[in-house]
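The values are calculated or read from the model by the stated rules, or taken from the named source; none is laboratory data. Remember, predicted model here, so these are calculated numbers, not experimental data. Neighbour counts are summed over all protein chains in view; Cβ atoms, including those assigned to glycine, are modelled from backbone coordinates with ideal geometry.
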Amino acid sequence: MYVPSVTNPIGDYVREWVPQLVAYLPESLQGETTCSVIAFAINAIICIIAVCLVNIGSAPILIYMERKVCAHVQCRLGPMRLGWHGTIQTIADVLKMLFKEVYSPQGADKKLFYLAPLIVLIAPFMIAALIPFGHNLLVANVDMGIPLIIAVNGFGVLGILLGGWSSNNKYSLMGSLRSGAQMISYEISFALVLLFVVMVSGSTNLMEITNGQAGTVANWMIFKVPVLGFLAFIMFFIASTAEMNRAPFDIAEAEQELTGGYHTEYTGTPFAMFYLAEYIALVTNSALAVTCFLGGFHAPCIGFESVDQILLKVPGVIWFFAKVYFMIWCYMMVRWTFVRPRVDQLMSFEWKFMLPVNMLLLVGGAAYIALSI
Amino acid sequence: MSMTQLPPGFKITRETDSEEFFINMGPQHPSTHGALRLALRMDGETIVEVVPHFGYIHRGLEKQGESMTYLQYIPMTDRQDYLTAIQNNLGVVLAYEKGMNIGVPEKAEYIRVMLSELGRIASHLVFFGCFGGDLGGQTCLLFGFKEREMVHDILEEVTGSRLTTNFFRPGGSRFDVPENFIPRVKAFLDHLEGAMKDYERFLSKNVIALERSVGIGILSKEDAIAFGCSGPVLRASGVDFDVRRANPYSIYDQLDFEVPIAHNGDCHDRYNVRIAEIHESMKILRQCIEKFPKEGPYRSKEKPVKLNPGRYYSEIETAKGLYGTYVVAASGDKPYRIHTRGPSFPHIGVLNKMCQGGKISDLVVVMATLDPVIPEIDR
Amino acid sequence: MTQENISTKHYIKRYLKKCITGPWSLLCGLSVSLKYFFNPKKIVTEQYPENRKTLKMHERYRGRLSMVEDAEGNNHCTACGMCERACPNASINVQPTKNIAGKKVLGRYVYHFASCTQCGLCVEACPFGAIEMSTAFEVATTDVTSLEMILNKKEGQG
């Protein structure tokens, strides 16, 4: 009987350890199959808890961070009341959101209406499972990591389209149609930039991409390929902002025009899910940027022995999350600085600027590889 | 008329391959700046027709004025264009003064001009904030309101209220200015100078903001005149008309300032004209600080409460445009008829002309640059 | 919206120019927001209930109508009714009474705070300086009946 196995170091450890546990079971149940089933179950639970912890656990932190960053850009203090400097505020808000009444508007397609927020959550959760958080911390070590991410990332648009369409609201419909057009276009740029990374690093496995950037800061993808690496990083930044539907590319929500876009009609828990998906996408996209461009979990060594010794003592996970939160801060600064382009301008920006530049980037990357070999 | 019904004279073409539909923007919508309803006929994202509907906060201020004494009507002007309440006070008071035949002391004139210009700066800062906010940059909104708050602090110290000032009286003003008024205004101007530099750096050259506003919502010179536009909207279309210059009231003829005009009549021009006006107002304020008379009365000796029977009209340039007050005085201390010509009403009228063929996002930007205040439209 | 008629050369020139000026303008905007982010001195938020002690309204602030009274609670009101006539929304109701000498004095000075717009015309109209606008700004209440108040503690002295 085939039982899928979780291929990561923790999984190996569990597999070694499970036969000892199985020995306590009655004779009739012992055997190869039981061992692998139990090992898989334990591993799966560990993985699910880990992914949920990283994703759902980071959402309140991010909401708090977003409020504080936005407040300080706007010369305000942000939440200050609940807890030290308002740290418990987001938890209180989440509780409020959960206790609100859930209802759908008249004439809404109820099944799709409640299904949509669930679909939106799938994509970011799946990507989080592919990203190496540390030397041994990886849920699924997939060889086709990058293609899988490209494939899964487009899934979110389905939820948004369904949510807007089933709301029976013209504003929601317009928002979701805008979002559909936008995400499908920017998917191309997103994929092309990731292809550049694959080309230079020579692998589609995210662990191998990360390990290819080991060493000093100069080995990071962003600096490894002179100029092109930085350009690719900027392109990735823009494309992922558009993928996440974050300002300045939040034309799908466009509060000033469409009063909230696709989630206009949502309240309570379904709305919280859209909100959660937005912030989880922020984490996963930042993590992807860190993995592909900023050296993943590797410490930012600068080449001096004495300094590097200290830097290497810090575990990789901490470096990883430090980099991720720096990326998130960048996304937030951009969000609270720029104004929103119009729909047609957004599309022409993709097709007339992003796509040609990304094509040139691929050509440049090919030339770099040819020259360096 | 119910919200789901179409406005009269508003037909959705049900022809062969037309996919036009009707959408309500407002009365509760984040970017209609108040309780204004815009009925839109849309073809996808493109606007075919805009029909403004208002009256949601109509209070009958003009009719109420007929049962009030002349003085009692002054607080009612605060509640029309609440962003420039202090200038509205001036408008109605100037009309009264014509009917009362009284002069105004020099110091009172300076107080009037200085407070009006502060009000203009406050209103244009709100415009800056709303323009940025409607484009999607919430930070601009907070930036604009931050400096406006300082103006309102000054106004509160002088008049006793932040928004509903109720300060000017026939023949002068309610109070004299407090001692630290001049240093405070000076400090504010120095602060604003630096802040405006930051804000212009933040938004004026921003490529996305330029894309959103250049060539959007073009209002031709002829249309602007024909529809009765005034203020920055008119001047952005290339008409050099400013009541302060064309028909000077108070002491504006003694002050040296420029009337900024632009020629394209698009959203970016209206933005530029308003930003330039903030700088001109600062120039006027600096001149007033220099010339401000230390001694002298702030209000004329006689305090009449009645107007001589007749018809009186005064017009001033508020931040939004031409604000006219027409008073028909009979015997007694109450007006027979009092009418306000507000600047925002004609501006809403041109909306259809400017937005046809644009996207729904353009409508938002156009609304922001017209800068209407709904209580002043409805009165 | 409108189709432009420009040559290809001009179009490419404009496109390339935008590629340079566009990002530069965005960086300018970003520099401003970074400057504000890293400068805590620019924060203008006031922590209202915490700073209640240091918070002081301006002298002229128009909060709520109150009566000028000396230490013993005597007022200057003569019940002339000028304030009542000056009020645009009939928020003041002066109820006179007669004292022992048979002179008209103030009985009750009823003030309907719910309909008051705090315009201050009554204070301006009072010829005796008997009323003023107090600087109280925390005037919200959960009790409707408390909005109708009698301002004078004692009957008028005439």
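Would you pick out the residues in segment B:219-237 that are more than 12 Å from B:VAL259 (Cβ to Cβ) and in contact (Cβ under 8 Å) with a residue 24 or more places away in the chain? Matches in segment B:219-237: B:LEU219, B:SER220, B:LYS221, B:ASP223, B:ALA224, B:PHE227, B:GLY228, B:CYS229, B:SER230, B:VAL233, B:SER237.
Cβ-Cβ distances below 7 Å connect the following pairs, each with a first residue in segment A:64-86 that is at positive phi and at the interface with another protein chain (Cβ under 7 Å from one of its Cβ atoms), a second residue that is part of a helix (DSSP H, G or I) and of a type in the set (D, E, K, R), and a separation of six or more residues or different chains: A:CYS75/B:LYS146; A:CYS75/C:LYS42.
So for segment C:87-107 (the condition being under 19 Å from the mean Cα position of the chain (by Cα), closer than 23 Å to B:ARG79 by Cα and surrounded by fewer than 18 Cβ atoms within 10 Å (Cβ to Cβ)), does at least one residue qualify? Yes, segment C:87-107 contains at least one residue that is under 19 Å from the mean Cα position of the chain (by Cα), closer than 23 Å to B:ARG79 by Cα and surrounded by fewer than 18 Cβ atoms within 10 Å (Cβ to Cβ).
Residues in segment B:123-149 that are more than 9 Å from every other protein chain (Cβ to nearest Cβ) and in contact (Cβ under 8 Å) with a residue 40 or more places away in the chain: B:SER123, B:HIS124, B:LEU125, B:VAL126, B:PHE127, B:PHE128, B:CYS130, B:PHE131, B:GLY144, B:GLU147. Please tell me if B:ILE47 is of a type in the set (Val, Ile, Thr), closer than 30 Å to A:LYS170 by Cα and touching a strand residue (DSSP E or B) at 6+ places or on another chain (Cβ under 8 Å). So B:ILE47 passes the test. Number of residues in segment B:195-241 that are within 11 Å of chain C (Cβ to nearest Cβ) and under 30 Å from C:LEU34 (Cβ atoms) equals 17. A Cβ distance below 9 Å, combined with a sequence gap of six or more or placement on separate chains, defines the contacts here; from segment C:139-158, residues that are surrounded by 10 or more Cβ atoms within 10 Å (Cβ to Cβ) and among the small types (Gly, Ala, Ser) reach residues that are at pLDDT 85 or above and in a helix (DSSP H, G or I) in the pairs C:SER146/C:PHE113. Confirm whether A:ALA44 is within 14 Å of chain B (Cβ to nearest Cβ) and either part of a helix (DSSP H, G or I) or within 25 Å of the chain's Cα centre (by Cα) (or both). No: the conditions fail for A:ALA44. Set side by side, the residues B:PHE202, B:PHE241 differ, and just one is farther than 17 Å from B:LYS320 by Cβ, surrounded by 18 or more Cβ atoms within 10 Å (Cβ to Cβ) and aromatic (Phe, Trp, Tyr), which is B:PHE202. Within segment C:133-152, does at least one residue satisfy the condition of being more than 23 Å from C:GLU59 (Cα to Cα), away from every other protein chain (no Cβ under 14 Å) and small (Gly, Ala, Ser)? Among the residues of segment C:133-152, at least one is more than 23 Å from C:GLU59 (Cα to Cα), away from every other protein chain (no Cβ under 14 Å) and small (Gly, Ala, Ser), which makes the answer yes. For segment B:59-104, the candidate set comprises residues that are surrounded by 21 or more Cβ atoms within 10 Å (Cβ to Cβ) and among the acidic types (Asp, Glu); within that set, the residue that is farthest from the chain's Cα centre (by Cα) is B:GLU97. Here C:TYR48 passes the criteria (1) at the interface with chain B (Cβ under 10 Å from one of its Cβ atoms); (2) surrounded by fewer than 17 Cβ atoms within 10 Å (Cβ to Cβ); (3) of a type outside the set (S, T, N, Q) except the one numbered (1). Remark: pairs (first residue in segment C:55-83, closer than 11 Å to C:LEU151 by Cβ and in contact (Cβ under 8 Å) with a residue 24 or more places away in the chain; second residue of a type in the set (Ser, Thr, Tyr) and part of a strand (DSSP E or B); Cβ separation under 6 Å; 6+ apart in sequence or on different chains) = C:ARG64/C:SER134; C:LEU65/C:TYR111; C:SER66/C:SER134.
Here B:ILE289 fulfils each of the conditions (1) surrounded by fewer than 17 Cβ atoms within 10 Å (Cβ to Cβ); (2) within 25 Å of B:CYS140 (Cβ to Cβ); (3) β-branched (Val, Ile, Thr) apart from (2).
Of all residues in segment A:161-179, none satisfies being under 30 Å from B:GLY133 (Cα atoms), crowded, with 24+ Cβ neighbours inside 10 Å and of a type in the set (Phe, Trp, Tyr). Among the residues making up segment A:36-79, those that are farther than 18 Å from A:CYS330 by Cα and either surrounded by fewer than 16 Cβ atoms within 10 Å (Cβ to Cβ) or among the hydroxyl-bearing types (Ser, Thr, Tyr) (or both) are A:SER36, A:VAL37, A:ALA41, A:ALA44, A:ILE45, A:ILE48, A:ILE49, A:CYS52, A:LEU53, A:ILE56, A:GLY57. Selection over segment A:97-131 of residues that are assigned to a helix (DSSP H, G or I), within 27 Å of A:SER58 (Cβ to Cβ) and over 27 Å from the mean Cα position of the chain (by Cα) gives a count of 1.
Hey, among B:VAL177, B:VAL151, which residue is buried (at least 19 other Cβ atoms within 10 Å of the Cβ), more than 20 Å from the chain's Cα centre (by Cα) and under 16 Å from B:VAL113 (Cα atoms)? Can you show your working first?
Details: B:VAL151 fails: more than 20 Å from the chain's Cα centre (by Cα).
The unique qualifying residue is B:VAL177.
For segment C:18-51, a residue qualifies if it is of a type in the set (D, E, K, R) and modelled with pLDDT of 85 or more, and exactly one does: C:LYS35. Considered as a group, the residues in segment B:154-173 that are surrounded by fewer than 23 Cβ atoms within 10 Å (Cβ to Cβ) and free of Cβ contacts under 8 Å to residues at least 24 places away in the same chain include one that is farthest from the other protein chains (Cβ to nearest Cβ), and that residue is B:ARG162. Pick from segment A:326-354 the residues that are without any contact (Cβ under 8 Å) to a residue 40 or more places away in the chain and within 11 Å of chain B (Cβ to nearest Cβ): which of them is farthest from B:LYS359 (Cα to Cα)? The extreme case among them is A:PHE349.
Residue under question is B:PHE181, and the condition is that it be over 30 Å from B:ASP362 (Cα atoms) and at the interface with chain C (Cβ under 10 Å from one of its Cβ atoms); does it hold? Give the steps one after another, and end with the answer.
On the way: over 30 Å from B:ASP362 (Cα atoms): yes; at the interface with chain C (Cβ under 10 Å from one of its Cβ atoms): no.
So B:PHE181 fails the test.
Would segment C:3-20 turn up any residue that is touching a Ser or Thr at 6+ places or on another chain (Cβ under 6 Å) and surrounded by 12 or more Cβ atoms within 10 Å (Cβ to Cβ)? No, every residue in segment C:3-20 fails to be touching a Ser or Thr at 6+ places or on another chain (Cβ under 6 Å) and surrounded by 12 or more Cβ atoms within 10 Å (Cβ to Cβ).
Quick grid of which residues meet (1) at pLDDT below 85; (2) hydrophobic (A, V, I, L, M, F, W, C):
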position	(1), (2)
A:ILE119	no, yes
A:PRO124	yes, no
A:ILE127	yes, yes
A:GLY134	yes, no
A:GLY156	yes, no
A:LEU173	no, yes
A:ALA191	no, yes
A:PHE196	no, yes
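Being over 12 Å from A:GLU265 (Cα atoms), free of Cβ contacts under 8 Å to residues at least 24 places away in the same chain, within 14 Å of chain B (Cβ to nearest Cβ) and part of a helix (DSSP H, G or I) is a description that does not apply to A:LEU173. Selection of segment A:198-213 for residues being in contact with a Gly (Cβ under 9 Å, 6 or more places away or on another chain) and assigned to a helix (DSSP H, G or I) yields A:MET199, A:VAL200, A:SER201, A:LEU206, A:MET207, A:GLU208, A:ILE209, A:THR210, A:ASN211.
Of all the helices (runs of 4 or more DSSP H) wholly in segment B:207-247, which have at least 1 residues that are within 30 Å of A:VAL343 (Cβ to Cβ)?
Details: elements: B:207-213, B:221-226, B:231-236, B:243-246.
Once the helices (runs of 4 or more DSSP H) in segment B:207-247 are filtered for at least 1 residues that are within 30 Å of A:VAL343 (Cβ to Cβ), what remains is B:207-213, B:221-226, B:231-236.
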